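Reading through the structure tokens given below for one structure.
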Amino acid sequence: MVAMLEPELCEKGATIETVLDTPEGKRILTCIQCGMCAGTCPYGEYMDYPPRRIINMLRRGFIEEVFKSDSMLRCVACYACMSKCPRGIRLSDVLLPIVKEQTLINQPEIPAELQKTLQNTLRYGNPMGESSRKRVNWATANGTKVPIMAEIKRPVDVLWFVECYTAYYQRGQDNSRAVAKLFNALGIDFAILGNEEKCAGDCGQLTWESGLFETLTDYNMEIFKKYKFNRIVTGDAHAFNAFRIRYPMYGFNYPVEHTTGLFARCLPQLKPKLTKKLNYTVTYHDACCLGRRAGLYDEPRDLLLAIPGIKLVEMTHNRVNSICCGGGGGGMWLDTFFKQKGMERLSERRVKEAIATGADVIAVSCPYEIYRFEDALKVIPHDKPIIVRDVVELLAEALGD
Amino acid sequence: MPKPKIGIYWCASCGGCEEAVVDLAEDILGVVEKVDIMFWPCAMDFKKADVEAMPDKSLVATLLNGAIRSSEQEEMAHMLRRKSKYMIAYGSCACTGGIPALANQFPREQILRYVYEESPTTVNEAKTRPQLKFAEAGREVTLPELRNVVRSLDQVVDVDYYIPGCPPTPKITKAAIGALLEGRMPPKGSVLSPDVALCEECSRRDSKPTNVAFTEFKRTHQKHLDPQLCFLAQGVICMGAATRQGCGAQCPSGNMPCTGCFGGTDRVKDQGAKALSSFCANIAAKEADEIDQTLKGIPDPVGTFYRYGLAKSLLRRKAGLPMSNGK
Amino acid sequence: MYIPKKHEPVRIGFYICHCGVNIASMVDVKEVAKYVGTLPNVVVSRDYKYMCSDPGQEMIQQDIIENRLNRVVVAACSPMLHEQTFRKATEKAGINPFFFQMVNIREHDAWVHTDRLEATRKAMALARAAIQRVPLHKPLEVKKVAVHPNVLIVGGGIAGIHAALVLANAGKRVYLVERDPTIGGHMAKFDKTFPTLDCAMCVLSPKMAAVGSHPNITLWTYSEVAKVDGYVGNYKVVVRRKPRYVLEDLCTGCQECVEACVYKEPKFRDEFNLGLGKRKPIRLPFPQAIPPVTLIDPETCIELKSGKCKKTCLEACGDRKAIDFKQQEELREILVGTIIVATGYQIFDAKRTPYYGYGVYPNVYNALEVERLINASGPTNGELVMRNGQVPKKVAVIHCVGSRDENTNRWCSRVCCLYSLKLAHLIHERTNAEIVNFYIDMRTPGKGMEEFYNRLSEEGMMLVRGKVADVYPDPTDGTTGRLIVQAEDTLMSRILKIPVDMVVLSVGLEPHPDSDKIRRLFNMSCSSEGWFLERHPKLAPVSTFTDGIFLAGCCQGPKDIPDSVAQAGAAAAECFSLIDKGHIEQEPNTAFVVEKECSGCKSCIPLCPYTAISLLEDKKKAYINEALCKGCGTCVASCPSGSIVQNLFEDAEVFSEIEGLLAPVPV
Amino acid sequence: MNATPKPTNGSWSPSLVAFFCNWCTYTAADLAGVSRMKYAPNIRTIRLMCSGRVDPQFILDAFSKGADGVLIGGCHPNDCHYAEGNYKCLRRFRLIKRMVADLGIEEQRLRLEWISAAEGEKVKTVVNEMVDQLKALGPLGIPKQFAEWDAEMTRLEHAAQTSQSAESEVAHA
């Protein structure tokens, strides 16, 4: 098993000039130029400067040349290079974000779609540019009743951080409703922030728009301070990642859990309630932020196997070797750019593997993936119907009524 | 031929040592026959001035009991030292600080405050404290100053011999006085009791199993004590093995463990550390948590291992305590 | 009342070593010598370039005579290195060697600090500690203990075999204990060896046979060391002999029993061939196994499992009566003076690098499996046929699998580059397949190795510099099990996706998973990786921190066959050195009870791990048996009345040392 | 994080007395030397055969003679060259640590570490860490406190703390 990379604190102040003097920089100096990073990178073949070359250019003093290239725009922050690096260099955590920031500064123009998203996030607190006043709508519509911190005015056990896709978009809301149902079934004392919540900023951070990220962090940290709760739970793998890896640098020290981790822990109570049989063959796609970055490989699988009737099959690339859906690191808003450059969408590469398993369902645990895989399935031919469902949606379905 | 002159003096102690001299019972008469007691404020009416008037070294010996913790005691110790050929530290307090030296764990101010203001039996709304000087109607009276630090006698003046014990037993007292009168004193600095630990003369020694492997420590009030069995075998701290003999194991004979009043042997710099070392090494547990669990039975290690010896221990006193100058 | 110990007037000579520039560059040795010269009891105080050199030692000796010195202090390197040297020098000049004290100002000072002033101050403090301690030293005598001439060798791989033969040929009695049913170790599984490409078994099997028949070697295979007691010269070892259900003395190795087994066809996993072949419950591990004695696997034998077999094997054995289903485990106790540990290594489990698909895709093999596949005595009789029955046309050899990787093993396994080249060559030779080697750095040190690399390069072998990132089934291929090997060719900066029929994983070497247990058994140390730790990386490469226990072969770290054999020879020589000397000298740091001071409290008795302390029943005093005492000093620290003394580490000596360390220094 | 603390020129710098067992920690310190690792020069090591030999008196004596910290190094549990000496050390350590705390000596001034012969790096880390901690704590200065305490006496005829060296210094005319 590839050793887990611990969520150590990264140095938030490190810049391209100072990074080699940090403890992580010392590790960068140990790079043996083996090319594992480039070889494992899903877009490695489209990069003039894959991580290996970046390190060498940095060590030799030619890093400026790297910034002129748009290679780093292809990085989908999938943690593949980092988790397989034989020297344990924390590429996706430290070096690549710094290089990305410089790349963005040095590009003559930033792809419009990405530009717009970053602006939206800054202005509206969500990448889609939806009104912040509508954030809570899902929770009040169609009879769902979700407690909101500002309204219930009491401490809760779990603060549920809903996040953007899962609040605004239809398929994301399915996920949220499923989570609410499971919370209630388990008798968990929870509440959400409602309209006070803003994007946690992980996608912004991995495109390394550091100013934007800090704005969002400061905002959310202030909101957290307003309320009393024991822990934060989120169904969004990227928010989970941000809270785990980045927020602690800004003083965040709440226990944080992703819904899959939480529900897997509650399996003894949950399993007897999963009474409805779901006769699906399911293949599970490992979300980068949960799998490679947090080691949550078994938890989602355990949840799926707890559902009566479900048969689990694996794609060729799974667990540490999984292939990213292509949405991380800003990739969610770079599809047009990738297409212009003649690059295959990773979501398409991924669904091909899923189709090859013969599964009925692609189970996911990150809200980006629902969109990306459903989109990809529209263009990749497949004989047998195949649908995309979040693990929690399947769990909620199996709860029966 | 004139009889040898001796002095007996009482510093910071409970008075038990004075009692111990009286405890020589009829033997006291024998002593009185052979010596002239020139100074014994507790029992006889001599004045300080009488002694001061004597030539230096005119006393063969002074048996001084009690620790030194006031300016007066300090002054008297120096004066008696000057007047005596042999200065003998008599009893645990003079030898090693004794019970009074446990005060070395606290700042003087805290002690005074407690004694004069806060103790449950004190009513002192004006918070009156003893003053060093007090003048009324043109007369000034003074009181000695209480020092910050409690000291053994040899931390103030040169000491020739030590007679340990809280209090010393009649047996060793008699032996010491006998030796003094007959002029067969051991080398200067000797402790006048055998330099072997107490276990040797304890009737319970043979009842101790080879391996006690402590799993718990109990204090004496927490347990019904077996009248014959070695206390260590009962999980009760007994300082006997770390304490020199000479008392005849009186406490164990009375079903109480030794608390260490005779002090350590001549090979030991710090009786408490040695006792701790021996007890701890014989704990059964190997994991830190379990060891701590066992050691919960020793809630006050300083009071347990330095009951009579804190002043003469390696650290002497709690570090970092404030030093206030007495007014 | 503590009475400090007094000592006779002493005259101390102090010497500080420059160690070339090793010490002198960081410690102002002149200043230290000057300071020490001012300390009480010091008669001479000198500095010198190399104190351990002959002139350095002679200087001490001359001073002892001319200045009537009776104590010597040398400040130089670690006492582990030269304490003995200076003790001997002191003794030669006529004073007791234990009137000497060493001060470590190299390893503990000059080499680890960067501020010259601070390092000098430290040297002064350390020197002063010794100057205050040494007057209290007592004259002591070195104890001599006889060395038992027999030797135990643990592990019957090439290192253990070689060491056993060296010793046995010289007339020493050797016990060779091997865990497996046969000796030979990993080498017996190899086909050919690099760089000469000579057949491994052709060179190994004569040595194995020699071990089997040697009158001076007691060979216990299928056995493990269960317990080791004692100390250098006198180890008491218990060996557990597992039952093989075939009596070694009676079995002739004819294998008629194997033929006769009720299982007509071999159907169980053959361990020797790493599961690539099959065996019966009764079998000989491989044709040249030593001892040539069959054994029965209780997990698969019907008789041993249920007692309901026809026992055709028993019939076939007939009058030889070598089969004994009732055989029990045996414990044998032996006495030896020295021990060589040669327990070898295990190969890295490639399942720990899941991206190479080992255990998932049948056409991915580890290197040892390939050794068996191309070995004439292997499961395919030397034909390189894959699990799917095909002969590969294109093969990828992936170097550094599990090695040089923070996520698995950090070290370079040293042999993989060369064995990869060897396997590539052999596979090509057998199949004419095209071979691609993926390497990070090509490491070919050693005699003839670079030439070998050169030769294979000339043969046109394809060498790609890049660590393979991914191995997965070729999506364009449905049935043959063809795989894509994906890597960056770092010299071209291009991602390669090469379709191949077979993938060979050059797995690294790693310590046995139970190395920690073995280490404890022999009271050795391990490096953090789990390799057994040599006493000194350069000067004592086969010694351990436990006297009389030596290392040979890969248990100390990855190495190739020549190096293992060389180390085995060295370990054997170390054993000779002790055996032929006949005795060892023991540091006289034992403890003793001062009888008249002991109160008989018994606190010390249970603390001794060697049961050296007992109570003299008549006197009711504790007594330490000097022969059993190893000198740890635990009882000394624990004696509540301070009545136990440890030679060389007396309380008073340590107190003086503490005082000296903390005394103010002038700079 | 673990940079070698810079020496302090002239100003106070902590003194750390260490008791290292011969087989593991002393050897580890030798290894640190051979590997040229760099650590704070404040440490002064006394070699004992086993951590079981560390008499609590040594610890107190070191403090009373001016040590700002005391470090004990022994073999890891189960690895003691003498089987169990390190356990005895641990048992004493658990109580002596509490007792010195009762006597006003901060717990961080006394530390026990298991350092095997292979862990030269750990010697470096532990020493640097401890020296950093001692710097943060400031001087303990027991001898200075003794002097302050004794200053309240009008005069002393006898040194309150008898010194051995005074007696052991012998003229050698």
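As a ratio to 2.2 N^0.38 Å, the alpha-carbon radius of gyration for the range C:256-320 is 1.09. Extents of the range A:112-265, taken as max minus min of Cα coordinates on every principal axis and listed largest first, are 43, 33, 29 Å. Using a ≥ b ≥ c from the Cα gyration tensor of the range D:16-139 (square roots of the eigenvalues), is it rounded, prolate or oblate, where a/c under 1.5 gives rounded and otherwise the larger of a/b and b/c decides, a/b for prolate? It is oblate, given that a/c is not under 1.5 and a/b is not larger than b/c.
Using a 1.4 Å probe on the protein heavy atoms, what percent of the accessible area of the protein assembly as shown belongs to carbon and sulfur?
Details: 31470 of 60540 Å².
Taking all protein chains in place, the protein assembly as shown shows 52 percent carbon and sulfur surface.
Ranked by the mean number of other Cβ atoms within 10 Å per residue, highest first, peptides C:585-594, C:655-664 order as C:655-664, C:585-594.
When you look at the Cβ of every residue in B:145-156, what mean number of other chain Cβ atoms sits within 10 Å?
4
Between the amide H of C:E434 and those of C:K394, C:V395, distances stay under 5 Å, these residues lying 5 or more places away or on another chain, with hydrogens modeled in the peptide plane.
Could you report the range C:16-126's accessible area per residue, 1.4 Å probe, as an integer in Å²? Let's see the in-between values first.
Working: 4110 Å² over 111 residues.
Averaged over the residues of the range C:16-126, the accessible area is 37 Å².
Taking every residue in C:462-469 and counting other chain Cβ atoms within 10 Å of its Cβ, the average works out to 5. The C:R455 and C:K538 beta-carbon pair, evaluated with R₀ = 30 Å, returns a calculated FRET efficiency of approximately 0.40.
With every protein chain kept in place and ligands, DNA and RNA left out, what is the accessible area per residue of the range C:591-646? Probe 1.4 Å, answer in Å².
Details: 1940 Å² over 56 residues.
In whole numbers, the range C:591-646 has 35 Å² accessible per residue.
For the protein assembly as shown, the direction-averaged projected area of the alpha-carbon convex hull comes to 73.2 nm². Semi-axes of the equivalent ellipsoid of the range A:267-398 are 26, 16, 12 Å, computed as sqrt(5λ) over the eigenvalues of the C-alpha gyration tensor in descending order. Loop-located chymotrypsin sites (Phe, Trp or Tyr not before Pro) in the range C:1-106 (DSSP state not H, G, I, E or B) with no more than 15 neighbouring Cβ atoms inside 10 Å: C:Y50. Against the main long axis of the alpha-carbon atoms of chain C, helix C:561-581 sits at an angle near 40°.
Along its principal axes, the range B:1-73 has C-alpha extents of 38, 31, 18 angstrom, given from the largest down.
Where Rh is the Kirkwood radius over the Cα pairs of chain C, the temperature 37 °C and the viscosity 0.692 mPa s, what D in µm²/s does Stokes-Einstein return? After rounding, the answer is 112 µm²/s.
Determine the total buried accessible area between chain C and chain B, counting protein heavy atoms only with a 1.4 Å probe; round to the nearest 100 Å². Before the final figure, lay out the partial values.
Details: alone 30670 and 17450 Å², together 45630 Å².
Buried area (both sides, nearest 100 Å²): 2500 Å².
Of all DSSP bridge pairs formed entirely within the protein assembly as shown, close to 35 percent run antiparallel. Semi-axes of the equivalent ellipsoid of the range C:290-421 are 38, 25, 16 Å, computed as sqrt(5λ) over the eigenvalues of the C-alpha gyration tensor in descending order. Taking the longest Cα principal axis of chain C as reference, the axis of helix C:416-431 is set at about 20 degrees.
The mean number of Cβ atoms from other chains found within 10 Å of a Cβ in peptide C:113-119 is 6, as a whole number. For the range A:261-288, backbone nitrogen atoms closer than 17 Å to the point 7 Å from A:V313 Cα along Cα-to-C-beta are found at A:279-286.
Can you give the local net charge around C:G481? Use residues other than it whose beta-carbon is closer than 10 angstrom to its beta-carbon, Lys and Arg +1, Asp and Glu -1.
Numbers: positive: C:R387, C:R482; negative: C:D474, C:D477, C:D501.
So the surrounding residues net to -1.
For the listed peptides B:167-179, C:228-240, a ranking on the average number of other beta carbons within 10 Å per residue, highest first, reads B:167-179, C:228-240.
Only helical runs count toward this figure. For chain A, summing -39,500 (n - 2.57) over DSSP H runs of n ≥ 4 and dividing by all residues gives -11500 deg cm²/dmol at 222 nm. Burial annotation for the range C:592-608: residues with an accessible-area loss of at least 10 Å² between the isolated chain and the complete set of protein chains, computed on heavy atoms with a 1.4 Å probe, are C:K596, C:E597, C:S599, C:G600, C:C601, C:K602, C:S603, C:I605, C:P606, C:L607.
Please state, as a whole number in µm²/s, the translational diffusion coefficient that the Stokes-Einstein equation yields for the range A:93-150 at 4 °C and 1.567 mPa s, with Rh defined as the Kirkwood radius across alpha carbon pairs. It would help to have the intermediate numbers written out before the result.
On the way: Rh = 14.3 Å.
It comes out at roughly 90 µm²/s.
Summed over both chains, the accessible area lost when C and D associate is about 5500 Å², using a 1.4 Å probe. With contributions of -39500 (n - 2.57) from each DSSP H run of at least four residues, the per-residue ellipticity at 222 nm computed over chain B stands at -7000 deg cm²/dmol.
The C-A contact accounts for roughly 2100 square angstrom of buried accessible surface, both chains included, probe 1.4 angstrom. Loop-located GluC sites (Glu not before Pro) in the range B:103-161 (DSSP state other than H, G, I, E, B) with a sparse environment of at most 11 neighbouring Cβ atoms within 10 Å: B:E125. Within chain C, DSSP assigns beta bridges of which about 50% are antiparallel (rounded to the nearest 5).
Counting only heavy atoms of protein chains, what accessible area per residue, in Å², does the range D:16-139 have with a probe of 1.4 Å?
Values: 2790 Å² over 124 residues.
With all protein chains present, the range D:16-139 gives 22 Å² per residue.
Taken over the range C:601-667, the alpha-carbon convex hull comes to 98 cubic angstrom per residue.
For the range A:93-186, GluC sites (Glu not before Pro) are listed when DSSP marks them as loop and at most 10 other Cβ atoms sit within 10 Å of their Cβ; the list is A:E109.
The alpha carbons of the range B:198-296 occupy a box of 39, 33, 24 Å along the principal axes, longest dimension given first.
Rounded to the nearest 10 degrees, the inclination of helix A:112-124 to the longest alpha-carbon principal axis of chain A is 60 degrees. Computed from the Kirkwood radius of its Cα pairs, the Stokes-Einstein diffusion coefficient for chain B at 37 °C and 0.692 mPa s stands at 153 µm²/s.
Taking R0 as 60 Å, what's the FRET efficiency between C:A376 and D:S11 from their Cβ-Cβ distance, rounded to 0.05? For R0 = 60 Å, the calculated efficiency reads 0.20. Could you please report the charge total around D:E119, scoring K, R as +1 and D, E as -1 over all other residues with beta-carbon less than 13 angstrom from its beta-carbon? With Lys, Arg at +1 and Asp, Glu at -1, the neighbours total -3.
The values are calculated or read from the model by the stated rules, or taken from the named source; none is laboratory data. Remember, predicted model here, so these are calculated numbers, not experimental data. Please note: Cβ atoms are built from the backbone with ideal geometry, for glycine as well, and neighbour counts cover all protein chains shown. All accessible areas refer to the heavy atoms of the entire protein, side chains included, with ligands and DNA or RNA removed. Shrake-Rupley method; radii C 1.70, N 1.55, O 1.52, S 1.80 Å.
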